[in-house]
Each structure stands twice: as C-alpha cells, then as structure tokens.
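One structure is given below, encoded as structure tokens.
The values are calculated or read from the model by the stated rules, or taken from the named source; none is laboratory data. On a predicted model such as this, the values are computed, not experimentally measured, just so you know. Here the Cβ positions follow ideal geometry from the backbone for every residue, glycine too, while neighbour counts run over all protein chains shown. Quick note on the areas: whole protein, heavy atoms, side chains included, nothing else; ligands and nucleic acids left out. Shrake-Rupley method; radii C 1.70, N 1.55, O 1.52, S 1.80 Å.
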Amino acid sequence: MKIAFTDFWGMFIPNHNFFYYMLEDIYRDIQVTSPEDCDILLYGPYGKDHQKFDPQNKIKIFVTGENLRPNFEECTYSFSFDFDDYQGRNVRIPLWFMQFDWYKKDSFKNPEFVIGLDKIDDNDYIQNPKTKFCVLVNNNLFDDRVQCVHTLSDYKQVECFGKPFGNWFYGESKKYELFSNFKFSICFENSVAPDGGYYTEKLIHAKLAGTLPLYYADEKVELDFNTKSFLNLNDYSSMNQFADHVIQLDKNQEEYEAIVNEPLFNKNPDMSDLEEIKSRVKRMINL
C-alpha cells in the first residue's frame, strides 16, 4: 500500500509518526510515496496542498488535532476528535490519545516526547515535590486564560511560560519537567467543540506531571476522563468561584491530595484500545 502525507504540523516526519505505524500495523506492507503516486493521502489542517487531489480518484483521509470537523466533499474519511462516526466515515482518535508511546518510539520529533502507558499512574514527574503554586505554559493568550492568571495572581504568583512571555521552550519532556514543580497548572483547551470531544494534550501533560489541572472543556469530557481528578471551569458559575476553589485547595492539603491523587482515567488506556481503533480503521478503509 502506498501512503502519503501533506499539510501536517511542523517537523512532521512522514515515515515516523503515529499514523504511519498504525497503518503499518494494520497492512504490514506500506510505502511512503508522493501525494501524486499514493493510494491513501493523509492530510492535516495546516495547508491546502491536499486540494490538488480529488477524493474520487484516491482515498483522502483528513487528520486533525484542531477543533475542526471533516469536510466530506474534500475527504473520503477522517481521523478526528469527533464522537460522530459520520455513517462509518470517521474514526475517533483524539489528540490526547497520541500522547502515549503506543509503538515504543519515545519520540516523533513533534511530539518530542510521548509517555509510556506504564507511566500513567506513577512516574518521576508525579513523584517530584511540588514546591511552587501554579503555572501556565501557552502561546495563545485567550481571554479566559488571562483572566484566570490575573485572578489567581491576586492570591499568589502564577508563573507563565511561552512566546508571549519571552521564555518559550520546545519539547514535551521539558514541559513535564516544568509542570512537575507546581501544585496547579492552568491548561484550558483553546476552544470547545459544539458537540464535545475536543480534548488535546493539555490535560495529559498536566495530570501526568503530578499537578492538579485547572482545565476548561465541555461536559462530555467525562466520557474520556475521570472528572474527579481535575477542576473544570465549565462546572463553575464564574472565574472568581473557580479561583476561590483553587485557593481553598491550596490552603487545605488533605482536600488538595484527595483530588490530585484521583486517577485521570476511569480505565487506563491499554493496547485493547489501540486494537479497537485499528479494527475500526480497517473496516472503514476496507482495502
């Protein structure tokens, strides 16, 4: 089978990424070629090169970790965060799922680091002493994040990292290391999907570093995660009420530990979850 990739994120390596290894796992004999020569073209939301190719002439699979839904006039199938399978044309592979090292590769360059399944409940980051209050790592200063930082900063300093602050750094491993020093981390999603399901790397990085995540996502997040293990702004009537709960937890170690020690998942992801996704992909593509 000949596959190709286009319009993906920066530093994407066509023969070294989750989708390549998943398709290799399914079909065994695959070859990365040019978009012109391939049987299956996987394309992301970061360009328009895919528009040169008609889905009537080759299989086009839209792949997104962004809050975008597939346009089936442009694609044959999709891999997305969407709960809707669009009559068998979409397989749900949320971005958070790809933060784990399913294929024992440690790194794909981007992401620079993926964490082992055996490190979900306990790892060096979780064990690291939390000596600081709260952190934000972000390059997009949406209003809700700014408001949260300002509101909590009236109580204690919130340390901020990213391009807007002049201290941006690259790499998931560095993010885990940084987070591991803090009791709380602000990790709001960029946006909320109309029908839910848009959950990215943010909650994974925060929780698996041992912080108590200060999160923002829709109510369907309970379908993926144990909502007792983090605070969700969506559950509060105002930012002030949200911040008041954070401050209360900071002052009460027992209450704080009750939440931070809750597992992120009601059932940890395991290889059976990957096998289920592979089965759905194989049924969908049907080659």
Checklist outcome for this item: With -39,500 (n - 2.57) per DSSP H segment of 4 or more residues and division by the full residue count of the chain, the 222 nm estimate, nearest 500 deg cm²/dmol, is -7500 deg cm²/dmol
Checklist outcome for this item: The ³J(HN,Hα) series, computed from each phi in the stretch 143-155 with the Karplus coefficients 6.51, -1.76 and 1.60 at θ = phi - 60°, rounded to the nearest Hz and given as x for glycine or proline, is 4, 5, 5, 4, 4, 5, 4, 5, 5, 6, 5, 5, 9
Checklist entry - Sequence-distant or interchain residues sharing an amide H contact under 5 Å with residue 8, placed H: which? => result 44
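Per residue, how many Å² of accessible area does the chain show with a 1.4 Å probe? Write down the numbers at each step before the final one.
Details: 13440 Å² over 287 residues.
Ligands and nucleic acids excluded, the result is 47 Å² per residue.
Given the C-alpha atoms of the chain, compute the convex hull and give its volume per residue in Å³. It would help to have the intermediate numbers written out before the result.
Values: hull volume 37.0 nm³, N = 287.
Looking at the chain, the number lands at 129 Å³ per residue.
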Next on the checklist: Show me, for the stretch 212-228, the HN-Hα J-couplings you get by feeding each phi into the Karplus relation (A = 6.51, B = -1.76, C = 1.60, θ = phi - 60°), rounded to Hz, glycine and proline as x.
Outcome noted: 9, x, 9, 10, 9, 7, 6, 5, 6, 4, 5, 6, 9, 10, 7, 6, 7
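What is the extension gain from residue 128 to residue 267, computed as 0.36 nm multiplied by their sequence separation minus the C-alpha to C-alpha distance, in nm to one decimal?
Numbers: separation 139, 0.36 × 139 = 50.04 nm, distance 2.43 nm.
Fully extending the segment from residue 128 to residue 267 adds 47.6 nm.
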Checklist outcome for this item: Excluding residues fewer than 8 positions from residue 132 in its own chain, the aspartates and glutamates with Cα under 16 Å of it are 154, 159, 177, 250, 257
Next on the checklist: Using a 7 Å offset from the Cα along the Cα-to-Cβ direction at both residue 167 and residue 150, what is the distance between the two label points in nm, to one decimal?
Outcome noted: 2.1
Checklist outcome for this item: A student asked for the Cα radius of gyration and Dmax of the stretch 133-175 in angstrom ought to give 10.7, 30
Next on the checklist: Given a 1.4 angstrom probe, I'd like the percentage of the accessible area of the stretch 140-182 that is carbon and sulfur, rounded to a whole number.
Outcome noted: 49
Checklist entry - Which Rg and Dmax, in Å, describe the Cα atoms of the stretch 104-186? => result 14.1, 44
Next on the checklist: Between 0 and 90 degrees, rounded to the nearest ten: what's the tilt of helix 271-285 against the longest Cα principal axis of the chain?
Outcome noted: 40
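Apply the Kirkwood formula to the stretch 98-146: the hydrodynamic radius equals the inverse of the mean of 1/r over all pairs of different alpha-carbon atoms; give it in Å with one decimal. Provide the component values of the computation, followed by the final result.
Values: mean 1/r = 0.0741 Å⁻¹.
About 13.5 Å for the stretch 98-146.
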Next on the checklist: Test of understanding: what is the full-extension gain from residue 287 to residue 236, defined as 0.36 nm times their sequence separation minus their Cα-Cα distance?
Outcome noted: 13.6 nm
Checklist entry - Rounded to the nearest 0.05, what FRET efficiency is calculated for residue 48 and residue 139 with R0 set to 22 Å and r the Cβ-Cβ distance? => result 0.40
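How large, in percent, is the carbon and sulfur part of the accessible surface of the stretch 212-276 at a probe radius of 1.4 Å?
On the stretch 212-276, the fraction of accessible area on carbon and sulfur atoms equals 43 percent.
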Checklist entry - Distance from the Cα centre of the stretch 127-200 to that of the stretch 209-262, in angstrom? => result 14
Checklist outcome for this item: Sequence order, the stretch 235-252: Karplus ³J(HN,Hα) from phi using 6.51 cos²θ - 1.76 cosθ + 1.60, θ = phi - 60°, Hz rounded, Gly and Pro as x, gives 8, 10, 7, 7, 5, 5, 5, 4, 5, 4, 5, 4, 4, 4, 5, 5, 8, 10
Checklist outcome for this item: Cα-based Rg/(2.2 N^0.38 Å) for the stretch 1-151, rounded to two decimals, is 1.24
Item to check | At R0 = 25 Å, FRET efficiency that the Cβ-Cβ distance of residue 13 and residue 74 yields, to 0.05 | outcome: 0.55
Checklist entry - For the stretch 151-262, what is the Kirkwood hydrodynamic radius in Å, using each pair of distinct C-alpha atoms? => result 14.8
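What ranking of 141, 249, 233 comes out by heavy-atom accessible area, probe 1.4 Å, highest first? Write out the running numbers ahead of the final one.
On the way: 141 75, 249 0, 233 25 Å².
Greatest to least solvent exposure: 141, 233, 249.
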Next on the checklist: Given R₀ = 25 Å, what would the calculated FRET efficiency be for residue 34 paired with residue 107, taking r from the Cβ atoms and rounding to 0.05?
Outcome noted: 0.45
